[in-house]
Amino acid sequence: MPKNTKVTQREHSNEPVTESVADLLSLEQPMDYKSSQMSMGLSPGSTAPGKSLLPEQDAEDGRPAWNNKLEYILAQVGFSVGLGNVWRFPYLCQKNGGGAYLVPYFILLLLIGIPLFFLELAVGQRIRRGSIGVWNYVYPQLGGIGVSSLMVCGFVGLYYNVIIGWSIFYFFQSFQYPLPWAECPFKKNGTQAIVEPECEKSSATTYFWYRQTLNITSTIDDTGGLNWKMSLSLLVAWILVCLAVIKGIQSSGKVMYFSSLFPYVVLFCFLVRGLMLKGSVDGIAHMFTPKLEKMLEPQVWREAATQVFFALGLGFGGVIAFSSYNKRDNNCHFDAALVSVINFVTSILATLVVFAVLGFKANVMNEKCVVENAEKILGYLNTGVLSKELIPPHINFSHLTAQDYSEMYGVIMTVKEDSFGQLGLDPCVLEDELNKAVQGTGLAFIAFTEAMTHFPASPFWSVMFFFMLINLGLGSMIGTMTGITTPILDAFKIRKEILCVVCCIIAFLLGLLFVQRSGNYFVTMFDDYSAGLPLTVVVILENISVAWIYGTKRFMQDLEDMLGFRPYSFYYYMWKYVSPAILTVLIVATVIEMSVSPAGYNAWVEDE
């Protein structure tokens, strides 16, 4: 270290010294420190608290560093690519115009996704601190942004790991044939065994999810006590997370080699297998058939912006924390574009897989509908309710196709217009099955599991699917926990092993709220309200802090000093004007939606 730098002056003097970000972090001769307003209470040249366990240390400040670039990229990909890519993006794509939804999504990815992701990568790599320390460097009064980010990480981590626990339960239940959710259970009624009435009214997978897995209560007010099966699954989930992060990036970096790459192996396997199934092309065609009129609806753009925002993990602090372990000359501009593109491609791949499988499921359910209703028609023909003259002569009931049934249904509906409703016949239209939009737990634990029961070797595919969900969730949880532990380790001298264990124990105890019999209601509530608006506020404050408080021009100059080249002017205008405007509109729209949503939420609770 040069002996005449401001950093060494601070170490040997009690006098306050004010430096710019470039002076503090490049450890070069100060250019014009009086023009900067940047300050921090901690010594920028001090080492990270606690003895590092990594074999490789940054030569400048002793901060742990990634062993190689691949580990870092996999960590960022594992954090950003999560369960939302598999069960949220396909649902939004179907709901908001199919292939047409990709247009606003991609535009907003360019306008707010990549620029804000680049901003978080840059400040983390430049200042080399967690979320709290980063914003203290920018301006001491902005440390609350990092505290808010840490708190949101805590809320999200509490219920997110519950979902991993559910996946663990289903994973172990998959090692049996037939799968336990393949058929409705029987109950004894005197000397006879009858199908469980509640299961018969819904479906085997729905019954297994709500009754045998969650054992859910009828209302949120009735807690019902702890569900011991889900409590054990949650404990296993937190043990896995603790083992993955206990050594910091030394342990999490190694875990990412598997947890980030394995889901892609499973997705490709499911895609190949799905394309071989009958009806898969129908599902994919339905998915990507563009409904261009949807692009004119503001709701579509709002939901696309929200999905871009959360898909990249902005505002959690995990992106900043991972980036803070990089070397200062790392090309974070390239990293931002690479991770964003990988995230987008993963969403498309997951959408192909989901709708190939759901297309197969829709065909199976439609054929089942045709068979059941054909039996009703035969019964009406035998009892004389319907005349045999109504049935077209070319129709063969032993080989009845969906087209034949549709023709027969149309004739009967026309002739028996007055009494048609009493016959109880269903139209059995494939499009209706494909239009049944499902997301979240409804997709993973009901629709997808039901489809897999019709696969040959269904236990194998079930094991692969839920193992993939576990790994996707684990990658995101590693980033979430890093977003919590890194700022605490920066501020206090605590051994990271002790901190990780204590955090996981506290989180498990608090997470017992979500594994009561009424826990699913709380998961839904936290998912809807604990992260959406708070994270949006955190990110717009991050944007304003850099663009307007510190100054976009000064930040661009710092990036040029760090990267060796000046980023495109595109980022200047995005950070300065476009991103704050879009985020402001998003916040206003979210507040309006939340102000009218409680009635709808209460109705949902009553339906459940």
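Against the main long axis of the alpha-carbon atoms of the chain, helix 402-415 sits at an angle near 60°.
Of the peptides 581-588, 535-542, the order by per-residue mean of other Cβ atoms within 10 Å, starting with the highest, comes out as 535-542, 581-588.
Mind putting together the pair-distance distribution for the range 453-536? All Cα pairs, 10 Å bins, whole percent per bin, short to long. Binned Cα distances yield the sequence 13, 29, 35, 17, 5, 1. Heavy atoms of the protein chains alone define the surface here; on that basis the chain has 43 Å² accessible area per residue at 1.4 Å probe size. Computed extension gain for residue 278 through residue 529, at 0.36 nm per residue and net of the alpha carbon distance, reaches 86.4 nm.
Computing FRET efficiency as 1/(1 + (r/R0)^6) for residue 68 and residue 593, where r is the C-beta to C-beta distance and R0 is 41 Å, gives about 0.40. Extension gain, residue 289 to residue 426: 0.36 nm times the residue separation minus the Cα-Cα distance gives 46.8 nm. Taking a point 7 Å from the Cα of residue 341 along the Cα-to-Cβ direction, none of the residues of the range 99-133 has its backbone N closer than 11 Å to it. Give the dimensionless ratio obtained when the Cα radius of gyration of the range 368-487 is divided by 2.2 N^0.38 Å. Normalised Cα radius of gyration, the range 368-487: 1.71. Computed from Cα atoms, the angle from the helix 496-511 axis to the main principal axis of the chain rounds to 40 degrees. FRET efficiency for the pair residue 394 and residue 219, taken as 1/(1 + (r/R0)^6) with r the Cβ-Cβ distance and R0 = 35 Å, rounds to 0.05. Evaluated with a Cβ-only charge set (Lys, Arg +1; Asp, Glu -1), the chain carries a dipole of roughly 1600 debye about its Cα centre, given to the nearest 20. A Cα-only calculation for the chain places Rg and Dmax at 27.9, 104 Å.
In debye, nearest 20, what is the charge dipole magnitude of the range 436-562 about its Cα centre with +1 on Lys and Arg Cβ and -1 on Asp and Glu Cβ, if you could check?
For this selection, approximately 260 debye.
P(r) tail for the range 422-575: Cα pairs beyond 22 Å make up 69% of the total.
Using the Cβ-Cβ distance between residue 585 and residue 95 with R0 set to 25 Å, the FRET efficiency from 1/(1 + (r/R0)^6) comes to roughly 0.80. For the chain, the longest principal axis of the Cα atoms and the long axis of helix 332-383 meet at an angle of about 10 degrees.
Please identify the GluC sites (Glu not before Pro) of the range 323-389 that satisfy two criteria: DSSP loop assignment and at most 12 other Cβ atoms within 10 Å. Which are they?
Loop-located and lightly packed - none at all.
Sorting 459-470, 212-223 by their mean Cβ neighbour count within 10 Å, with the most densely packed peptide first, gives 459-470, 212-223. The protection proxy used here, the mean number of other Cβ atoms lying within 10 Å of each residue, ranks peptides 125-136, 280-291 as follows, highest first: 125-136, 280-291.
Loop-resident chymotrypsin sites (Phe, Trp or Tyr not before Pro) (DSSP state other than H, G, I, E or B) in the range 146-184 with no more than 11 further Cβ atoms inside 10 Å of their Cβ: 175. The base-10 log of I(q)/I(0) for the range 192-237, evaluated at q = 0.30 Å⁻¹, reads -1.06 [Debye formula, identical scatterers on Cα atoms, solvent excluded]. Think of it this way: in the chain, 93, 153, 269, 332, 500, 503 stand alone, with no other Cys Cβ under 4.7 Å. Among the GluC sites (Glu not before Pro) in the range 410-474, those located in a DSSP loop and surrounded by at most 10 other Cβ atoms within 10 Å of their own Cβ are 417.
The values are calculated or read from the model by the stated rules, or taken from the named source; none is laboratory data. Because the structure is predicted, anything quoted here is derived from the model rather than measured. Backbone-built Cβ (ideal geometry, glycine too); neighbour counts: all protein chains shown. Heavy atoms of the whole protein, side chains included, go into the accessibility calculation; ligands, DNA and RNA do not. Shrake-Rupley method; radii C 1.70, N 1.55, O 1.52, S 1.80 Å.
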